[in-house]
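Asker: Handing you this structure, nothing more for now.
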Amino acid sequence: MNPHNAPDTPTTHPLGKAMNSHNASDTTDRHAIVIGGSVAGMLAARVLSDFFARVTVVERDQFPDQATFRKGVPQGRHAHGLLVRGINILEEYFPGFVEALLKDGAQFVNMGSGVTFYIAGKRLPSFESALELLSCSRPLIEHVIRRKLQDHTNVQILSGCRVEGLCTDAEQRRATGIRYRQRDEESGALSELSADLVVDASGRRSPLPKWLAQLGYTPPESVSVDAKAGYASRLYRLPAGKGDVPMAYYMPEAPQQSRGGIVMPIESDADERLILVTLIGLNGDYPPSDAAEFEAFARGLPASLFKTVIDGAEPLDAPYGYRQVENRLRKYDKLPRYLEGVVAVGDSVYALNPVYGQGMTVAALASRALHEELAAHQARQGLDDLTGLAKTFQRKLATVIDAPWQLATGQDLRWPVAAEGHQTPIATRLVQRYFDTVLRTMPGDTVVAEAFFHVQNMLKPPTTLFHPTVVYRVLRARRATRRMPLEASRAPRRRVADETAERSLEKVS
């Protein structure tokens, strides 16, 4: 089953015809600029193409012609997961997106039978899940998005340029464009590019707070939760004749097990099968970039699959490390005053610990929020006057990222190094304890595992894990660890209860 046809998953955009109802004839000569060609930036450009006659993406890097790593995305060398909800949205915005990935070597992997999960130190049993993931590299995902975006002829990419600041009206109430220069011309003259709307998707190091302060605006409050996470990745080639290596994820477990890792088959051809190994360390237990130490770290993981790959495959590059992965939230939704004509998306607003695999999917959800807000603004007052859009969109975006932020920081705050200086409310601690019990239940209960997968892939809300069916099974498993197994005479009654619980859970997952 392909994920974009998953049960209870919408296959059409909630705005219906609005997805395709805007074109150049509707938009007069309105122009929008996107700062940054990240996944979030490209998705924003796709949304804006429905509402503006012209859209320009301004990017510091020179984009490669192929699906290769680029300097501006240092995290791109590590394993990435595009969750099912994200796949669905990308397929809506770029019809044929999934087919293009598959044609370029990506592969579908069933979450239950095709991924070897190690949770709480135990391996999940193999089962057929309703969900499937795409196994491929981040550079391929970005490459296909860029290629698909080129089909929208009103979108232009201006690469190799660095944005130096915003242009405003005389009263400094509204952004009217950007100032930029060619990146390789440090002393060159600044150029200006006018726009009706500027979207900042420039990433974790976004200069927008500084620009707002220079214009007399209060910059957003910034909140961070840092579990001192780090990654190191290395690409391997399987020898001819070697069997397939499944995708695998060994999940770190706060606060005891700080190490984990991912084995991911990526796009390959018949002659060269490639495996990406990403090692994970939290609480300051960073994976090493030295080749010998990298392999020792991998072999030290309890899951034997990592040792099998390391011992049986040919390394194709040196290990590559990355550590700038703290959770950071800029509260643009709480600003006392907004500079009209500019909004922020992606890591410029929210930066999430990548260990939870939410980043690209949250960017897709944010793009949908931008589309909905632009359509609503157009219905209210038209798009010739964008007054109020910055405020309403940033507040809408805050509701989109609340659940992913709570998930990422709630787990990270369980690491001692992240908890320092933070007060964790009692309610949060209770949820954390329950979440731990859910994870510990999954290796012995595929019904709970499937519910978790739906929540993890943002197809169901986190409250799904508090559905009576799930709670019953979680608490039953918890009790079972504290006492002797039930006598055989009670086993038939348990099977009947399990079947009833599974039928009940089908209604929510």
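What follows draws every value from the coordinates through simple rules; no lab data is involved. Given the structure is predicted, the values throughout are model-derived calculations rather than measurements. When we count neighbours, we look across all protein chains shown, and the Cβ atoms used for this are built from the backbone with ideal geometry, even at glycine.
Asker: Name the long-range amide H neighbours of Leu82: under 5 Å, sequence gap of 5 or more, or other chain; modelled H, no Pro or chain starts.
Answerer: Under 5 Å from the amide H of Leu82 lie the amide H atoms of Leu134, each far enough along the sequence or on another chain.
Asker: Given the peptides 465-474, 129-138, 406-415, arrange them by the average over their residues of other C-beta atoms within 10 Å, most packed first. Intermediate values should be presented prior to the final figure.
Answerer: Numbers: 465-474: 18.6, 129-138: 23.1, 406-415: 21.3.
Result, highest mean first: 129-138, 406-415, 465-474.
Asker: If you stretched the chain out fully between Phe108 and Gln66, how much longer would it get, using 0.36 nm times the residue separation minus the C-alpha to C-alpha distance?
Answerer: Details: separation 42, 0.36 × 42 = 15.12 nm, distance 2.16 nm.
Separation in residues times 0.36 nm, less the Cα-Cα distance, equals 13.0 nm.
Asker: Using the Cβ atoms and a cut-off under 12 Å, what net charge is assigned to the surroundings of Gly410, where Lys and Arg are +1 and Asp and Glu are -1?
Answerer: Values: positive: Arg414, Arg429, Arg433; negative: Asp402, Asp412, Asp436.
Here the count lands on 0.
Asker: Sticking with this one: Within 10 Å of each residue's Cβ, count the other Cβ atoms and sort Tyr236, Tyr250, Tyr217 from fewest upward.
Answerer: Values: Tyr236 20, Tyr250 25, Tyr217 17.
Going from sparsest to densest Cβ surroundings: Tyr217, Tyr236, Tyr250.
Asker: If you don't mind, another one. State, to one decimal in nm, how far the label point of Asp29 lies from the label point of Phe466, with both points 7 Å from Cα in the Cβ direction.
Answerer: 5.4
Asker: Moving on to the next point. Using alpha carbons only, how many degrees (0 to 90, rounded to 10) separate the axis of helix 389-412 from the longest principal axis of the chain?
Answerer: Taking the Cα atoms of the chain, the angle to 389-412 is about 30 degrees.
Asker: So if each residue of separation counts as 0.36 nm, and I subtract the Cα-Cα distance between Gln256 and Arg478, what length gain in nm does that give? Mind dumping the intermediate values first?
Answerer: Working: separation 222, 0.36 × 222 = 79.92 nm, distance 1.92 nm.
Going from the current span to full extension adds 78.0 nm.
Asker: Ok, one more. Please work out the FRET efficiency for the pair Arg429 and Phe127, using the Cβ-Cβ distance as r and a Förster radius of 30 Å; give the result to the nearest 0.05. Walk me through the numbers on the way to the answer.
Answerer: Numbers: r = 32 Å, r/R0 = 1.05.
The pair Arg429/Phe127 has a calculated efficiency of 0.40.
Asker: Sort Thr278, Thr399, Thr392 by Cβ crowding within 10 Å, fewest neighbours at the top. Don't skip to the answer; put the middle values down first.
Answerer: Numbers: Thr278 25, Thr399 10, Thr392 16.
Ascending Cβ contact count within 10 Å gives the list Thr399, Thr392, Thr278.
Asker: Largest first and in whole Å, give the semi-axes of the chain's equivalent ellipsoid, each being the square root of 5 times a Cα gyration tensor eigenvalue.
Answerer: Working: eigenvalues 317, 140, 105 Å².
Ellipsoid semi-axes (Å, largest first): 40, 26, 23.
Asker: Hey, another quick one. For Asp385 and Gln214, what is the calculated FRET efficiency with R₀ set at 25 Å and r taken between the beta-carbons, to the nearest 0.05?
Answerer: Details: r = 25 Å, r/R0 = 1.01.
Computed FRET efficiency for Asp385 and Gln214 comes out at 0.50.
Asker: For Leu413, which sequence-distant residues (separation of 5 or more, or a different chain) have an amide H within less than 5 Å of its own amide H, given hydrogens modelled in the peptide plane?
Answerer: none
Asker: Straight-line reach from Lys228: which aspartates and glutamates have Cα under 17 Å away, leaving out those fewer than 8 places along the same chain?
Answerer: Glu253, Asp285, Glu326, Asp412, Glu420
Asker: Among Met111, Met251, which comes first, then next, by fewest other beta-carbon atoms within 10 Å?
Answerer: Details: Met111 25, Met251 16.
Starting with the residue having the fewest Cβ neighbours, the order is Met251, Met111.
Asker: Let me ask another. Would you mind calculating the relative contact order of the stretch 230-322 from Cα pairs under 8 angstrom and at least 6 residues apart, reporting the percent as a whole number?
Answerer: Numbers: 181 pairs, mean separation 37.2, N = 93.
This gives 40 percent for the stretch 230-322.
Asker: Summing -39500 (n - 2.57) over the DSSP H runs of n ≥ 4 in the chain and dividing by its residue number, what mean residue ellipticity at 222 nm do you reach, to the nearest 500 deg cm²/dmol?
Answerer: Details: 14 runs with 171 residues, N = 509.
Calculated at 222 nm, the ellipticity per residue is -10500 deg cm²/dmol.
Asker: Which listed residue (Ile141, Val223, Val199) has the Cα farthest towards the positive end of the charge dipole for the stretch 113-253, taking +1 on Lys and Arg C-beta and -1 on Asp and Glu C-beta about the Cα centre?
Answerer: Ile141
Asker: Okay, next question. Any chance you could get the radius of gyration and Dmax over the Cα atoms of the stretch 169-228, in Å?
Answerer: 14.5, 44
Asker: Here is a further query. How would the stretch 230-322 be classified by its alpha-carbon gyration tensor: rounded, prolate or oblate, with rounded meaning a/c under 1.5 and the a/b versus b/c comparison settling the rest? Write down the numbers at each step before the final one.
Answerer: Details: a/c = 2.15, a/b = 1.72, b/c = 1.25.
Prolate, because a/c is 1.5 or more and a/b exceeds b/c.
Asker: What is the set of long-range amide H partners of Gly177 at a cut-off below 5 Å, with H atoms built 1.01 Å from backbone N?
Answerer: Placed amide hydrogens put Cys167, Ala195 under 5 Å from Gly177.
Asker: While we're looking at this one, here's another question. If each residue of separation counts as 0.36 nm, what is the full-extension length gain between Ala376 and Asp244 once their alpha-carbon separation is subtracted? Walk me through the numbers before you get to the answer.
Answerer: On the way: separation 132, 0.36 × 132 = 47.52 nm, distance 4.90 nm.
My answer for the length gained is 42.6 nm.
Asker: Just want to confirm a number: the relative contact order over the chain, from Cα pairs under 8 angstrom separated by 6+ residues, in percent.
Answerer: Details: 979 pairs, mean separation 87.1, N = 509.
That works out to 17 percent.
Asker: Related question: If the viscosity is 0.890 mPa s and the temperature 25 °C, what translational diffusion coefficient in µm²/s does Stokes-Einstein give for the stretch 281-425 when Rh comes from Kirkwood over Cα pairs? Provide the component values of the computation, followed by the final result.
Answerer: Details: Rh = 18.5 Å.
This corresponds to a translational diffusion coefficient of 133 µm²/s.
Asker: Something else about it: How would you classify the stretch 43-171 from its alpha-carbon gyration tensor, with a ≥ b ≥ c the square roots of the eigenvalues: rounded for a/c under 1.5, else prolate if a/b is greater than b/c, otherwise oblate? Present the calculation step by step, with values, prior to reporting the outcome.
Answerer: Details: a/c = 2.32, a/b = 1.99, b/c = 1.17.
Note, shape of the stretch 43-171 comes out prolate.
Asker: Hey, rough spin-label estimate for Ser304 and Ser159, points 7 angstrom out along Cα→Cβ, what's it come to in nanometres?
Answerer: With each label point 7 Å from Cα toward Cβ, the separation is 4.6 nm.
Asker: A further question on this structure: May I ask you to evaluate 6.51 cos²θ - 1.76 cosθ + 1.60, the Karplus curve with θ = phi - 60°, for each residue of the stretch 323-333 and list the ³J(HN,Hα) values in order in whole Hz, giving x for glycine and proline?
Answerer: 10, 8, 10, 5, 6, 9, 10, 9, 8, 5, 6
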